[in-house]
1. Assuming 0.36 nm per residue, please report the length gained on full extension of the stretch Ala214 to Ala48 beyond their Cα-Cα distance.
2. May I ask you to sort His442, His82, His41, His489 by Cβ crowding, counting other Cβ atoms within 10 Å and putting the fewest first?
3. If packing is taken as the average count of other Cβ atoms within 10 Å, what order do 341-348, 525-532, 571-578 fall into, highest mean first?
4. Quick check on packing: order 443-450, 69-76 by the mean number of other C-beta atoms within 10 Å, highest mean leading.
5. Fewest Cβ neighbours within 10 Å first, please rank Tyr51, Tyr356, Tyr216, Tyr382 accordingly.
6. Which FRET efficiency, nearest 0.05, do Glu202 and Asp405 yield, Cβ-Cβ r, R0 22 Å?
7. Per-residue HN-Hα couplings for the stretch 15-25, Karplus 6.51 cos²θ - 1.76 cosθ + 1.60 at θ = phi - 60°, whole Hz, x for Gly and Pro?
8. Can you tell me the Rg and the Dmax, both Å, for the Cα atoms in the chain?
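Quick note: the coordinates plus some simple rules give every number you see, no bench work behind them. For clarity, every value in this text was computed on a predicted model and none was experimentally measured. Every residue, glycine among them, receives a Cβ derived from its backbone with ideal geometry; neighbour counts consider all protein chains shown.
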Amino acid sequence: MHLNDTIARVTERVIERSRPARSAYLDKIARAQDAGVKRAHLTCGNQAHAYAAMGDDKAALVAEEAPNLGIVTAYNDMLSAHQPFKDYPDRIKAAARAAGATAQVAGGVPAMCDGVTQGQTGMELSLFSRDVIALATGVSLSHNTFDAALYLGVCDKIVPGLVIAAATFGHIPGIFVPAGPMTSGLPNDEKAKVRQKFATGEVGRDKLMEAEMASYHGPGTCTFYGTANSNQMLMEFMGLHLPGASFVNPGTPLRDALTDEAARRAAAITAQGNDYRPVSEILDEKAIVNGIVGLMATGGSTNLVIHLPAMARAAGVILDIEDFNDISAATPLMAKVYPNGLADVNHFHAAGGLAYMIGDLLDGGYLHPDTKTIAGDGLALYASEPKLKDGALVWEAGPKESLNDRILRPTADAFQPTGGLRELKGNIGRSVMKVSAVAPEHRVVEAKARVFHDQDAVKTAFKAGEFTEDTVVVVRFQGPKANGMPELHSLTPTLSVLLGRGLKVALVTDGRMSGASGKVPAAIHVSPEAADGGPIAKVRDGDLVRVDAETGLLEVLEADFDARSPVTADLSANETGLGRELFAAFRHHCGQASDGAGTVV
């Protein structure tokens, strides 16, 4: 199948833009490969410390003939998505022994929940927790005793942080091991209605709590298609999961079999064998472009527009917002999963899921078929799905037709001809908007601005009845340098109510809105940010602003705008409390959101 012209053109542009950085990265990896991961490099004292607690595995570790797998785990039992990881190390160790290998928990990384910190102070640590996770993974693998790594993580910043580290240690193979989504609970649209009623005072906190608990009710990833599930999709499209591993529920025999197989496969692709597959050879320009295609075809999380550039940069690949915009324009939207539909990820998986989607995108020429993956050569392996046959794990061809065309459609009959993301730019800066859940009649807003410096002030103005006309709500000083770039998702119910009242409303912010930005048009990640003196700091109350997702325009329509000086804000309140003081170095040294807001690469 001929590769789509736009996908080919963007890939060549990424390759050319990345040439110096990618070359330097591969040279670094080659030096690490030449040095090898040989435990004989350690002194006897070094090795004794590394093996002291390993019991029956000591002999194999000392002999150095068996591959040794490092487990990096994001386990904690506060995150429903990560609670299942509690028992994974023992499973992995047993499967490794059966495959003639050994495994050790190399280290743990923090994993915070944006659902818990949404609208709270702790959210100001969230984005930079990605960089902390990368650093913690670096510490975990720095002992240099591992021939491959198994990365146990699912949610928002955890997978990107682990990928950054996996690319940095790109001379060793790495497999990402998910835990799967929780079973379906209260439908997401019903939960959203209760949230909106609470925002207007129609129901009390008791009803809100009842709805939230019925939705988030057990172990596993949240079932809406936000950042966590977008991460899982990405790992398959980029070949870092076993095929079909993403959306198998926790605590099932198939989930356990996939975890066992991840350990066996990790042992098989080390340098000791004849199928060496280091991360550096998997995470290349084509794999990353495939990931962006998957993001657009599924209408995935806007957070990945920040995380993917940071992940790619760790592998010497340089992305730009224009790459996302152009790929989105060429990629059909194949899925309708909440918030851009009523289905959840379990329904999506049952309708054919990623196996159907990857197969159809390959047939349509939207994906590079010739990428190297942890499962083998060629992305076509990911058009298959895992099954248990007489207790044995096998892969069979995935469905060739959608099993529910209200959830999943082929590229030839997609929900819309373009993907779920747009770049908006103009005299306010560069931004992105997730339009997959935004109705066409809401994608263009021209109205007066109301300017705020925090999300609580927006809610206060709403409760005071101040929004009575079409409005562009500008929330600035929310970027990474200002306060760590918290998600402003808690504004969604408020702004949705205004939309429901028949007002035209849009959000413009240098903050984030997460993977569940929903039906309100939101120009987010505005760069340069206000704290860096970006033009968004020039906007005034009453300015006429045009937010146009059809033409990609983000403009203040005032003649004197360019001549204005940007305002400043007192950000001292963001500097202390709940650990924010520990993250001062991240805020001071991070890059722009458009470049991934990174601090470690």
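1. Length gained between Ala214 and Ala48: 54.8 nm.
2. His41, His442, His489, His82
3. 525-532, 341-348, 571-578
4. Most protected by this proxy first, the peptides run 69-76, 443-450.
5. The most exposed by this proxy come first: Tyr216, Tyr51, Tyr356, Tyr382.
6. 0.05
7. The phi angles translate into 4, 5, 4, 8, 3, x, 5, 5, 4, 5, 4 Hz.
8. When restricted to the Cα atoms of the chain, Rg and Dmax are 23.7, 77 Å.
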